[in-house]
Each structure stands twice: as structure tokens, then as C-alpha cells.
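Since every read-out is calculated from the coordinates, none of them should be taken as a lab result. In this text, all values refer to a predicted model and were calculated from it rather than measured experimentally. With ideal geometry, Cβ positions are generated from the backbone for all residues, glycine too; neighbour counts draw on all protein chains shown.
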Amino acid sequence: MKKFTLYLSLLLCSTLLMAQPDISIVEAAANGDLEKVEAHLTSGTDINDRYGEKESTALHAAAYHGNLEIVKFLIEKGAEINARNKHGQTPRDVAWDDMENERFSDSEKESKRMTGEFIESKGGKHGKARGGSVWRYLGFLPCLIPIFLILGIIYAIKTKPADHAMPTPTKKMLVVTSPTIPGKKVVRVLGLVRGNTIRARHVGKDILAGLRNVVGGEVSEYAKLLAESREQAIDHMLVEAEGLGANAVISVDFQTSVIMGGAAEMMAYGTAVVVEEEESLN
């Protein structure tokens, strides 16, 4: 009796081993081999096992290749219809994927379409796919970067404010960095006045300045830019002082700060006053 039981166990094990297909259930589903898919399930293979780099299930493989008969069989046997692979794609996604790929014939594309529609009818949903045709359509975006860069430069040139349009004071005014003016006396203090300008570097001047770093010498491109910025800041400050009725600005100082890469602010500020000639002691 013991020998018979042992013999029966060995026979059962050998039968199961012989029933195990020589390819995975995912490969069988991709090849449209329903017999081997059934053999896998009979031998105990998990219907939702994942294989390969994309970690796809058998349902993914069958859907991608448009094997509708196997898709129906797997769903009937309890395959997870909305399982997601490594890229977040569901069987519904891969069924509709690569529809424009020339590797598929017209009949195969029709099978994929029918498979996709069947999965949708059974509750198949769209996943958060990061691969496939969606990103292939968006693959041209890096090519647009140079175009947008050129358009941005053209727009910046066309919309550059003209220097002559900047506000300028209409009358001559005393401007000093000291709190007093020799020969003058402050008769009225009108308050703080300030003027600022934000200037951006020019791409062409940046290139010339870079070459200047190689050969040495004064970087005249930046020196001119700073000088223009100071003059504009002073003009803005004087316009504000003029609006208050001042005829002089004392204790003038400057301040700079970086706003963003390639752009900086220059500010001039001081105290707006009204001054008169001092009476001679003689």
C-alpha cells in the first residue's frame, strides 16, 4: 500500500511537471497560444503574475497584440482588468498603444481596436501611462525650445523701451552726497526721494565681455551699462524731487541688488530740500 501511494505521488508530480509549458504565461498570451495559457492556469500559475522589464501581466500581453480570444478567456478566469504595469499602463492602454506603428498590419490594428473596445466594455479604464504613443506625440517638444528662444529674443528687442522715453527733470537741480552744500542753507526739508532702474544684460555684450576676460583689460561693455543705470536712477530721483518743489537733493547714495539672473536694480536716493543762498557776514 505504501509503495502504491509513493508511486501515485511520483506519477502526479511528473504529470504536473510535464503539464508546465516551456514558455511563460505572458509569452503564451502574446503569441496567441490559448492552449499553453490554459496549461499554465491548470498547473497553478497566478493569472496576474508579472513578467519582463515592464512588469506586464498576461492580460497586458494579449491586449497589446490584439489577441481578443485570450483576453476574453483571461478576464473570464479573473484576470485583473485594470492592472498597471511599471509605466502605469492598463491593458486598455496597451491595446490602443502603437496603433500607428508599421510593425502591425491593418488586420492586426483592427484586432487591437476590437480588443481595446472589448476591455472598455468590461470596465477597463485608462491608467496614468508615462510611455507609449502619448509621449511619442510629445517627443517633438524639445525641438521647439530654440524656436521659442529666438521668438523671445525678437520680442525683447521689439519691446525694448527707448531711452529717450524715460522721464527726465525739466530744471537744473543741485545733487550732492553730503548733508550740506557750501554757500547754501536748507530752508525746508521735503522728505526722501528715490529713483530706480532695472537693467538686463545684453547677450552680445556678454559674449564680448567673456572674450575680454581672456585677453584682459577693462570690461567697457559692463562699465557703460552701469554708468547708464546710475544716470537713469538719478533722473528718476530728480523727477520725484521736482514734483515736491525741491531745488536740491542732499545725502545722495546708491544701492544695487540682483533681481534675477542677468538683471540688476540700481537705486539712487536722497533728501529733497529747498535751499537758498547764505547771507554774507560782511
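Relative protection proxy for 101-107, 88-94, from highest mean packing down: 88-94, 101-107 (other beta-carbon atoms within 10 angstrom).
Between Glu53 and Ile259, what's the calculated FRET efficiency when r is the beta-carbon distance and R0 is 45 Å? Round to 0.05. Working from the Cβ atoms, E equals 0.40. Give me the net charge for the shell around Ser105: Cβ to Cβ below 14 angstrom, other residues only, Lys and Arg +1, Asp and Glu -1. So the environment of Ser105 carries a net charge of -2.
Only Lys, Arg, Asp and Glu carry charge here, each on its Cβ (+1 for the first two, -1 for the last two); on that basis the stretch 41-108 has a dipole of about 300 debye about its Cα centre.
The order of the peptides 116-122, 266-272 by mean Cβ neighbours within 10 Å, most packed first, is 266-272, 116-122.
Hey, with R₀ at 45 Å, roughly what FRET efficiency would Ile198 and Glu279 work out to, going by the Cβ-Cβ distance, to 0.05? Working from the Cβ atoms, E equals 0.50.
Which stretch or stretches of the stretch 23-54 have amide N atoms under 17 Å from the point lying 7 Å from Lys125's Cα along the Cα→Cβ direction? No residue qualifies, since no backbone N sits under 17 Å from the label point. Among the GluC sites (Glu not before Pro) within the stretch 34-93, those in coil by DSSP and having at most 12 neighbouring Cβ atoms inside 10 Å are Glu53. With neighbours defined as other Cβ atoms within 10 Å of a residue's Cβ, the residues Lys112, Lys125, Lys72 order from fewest to most as Lys125, Lys72, Lys112.
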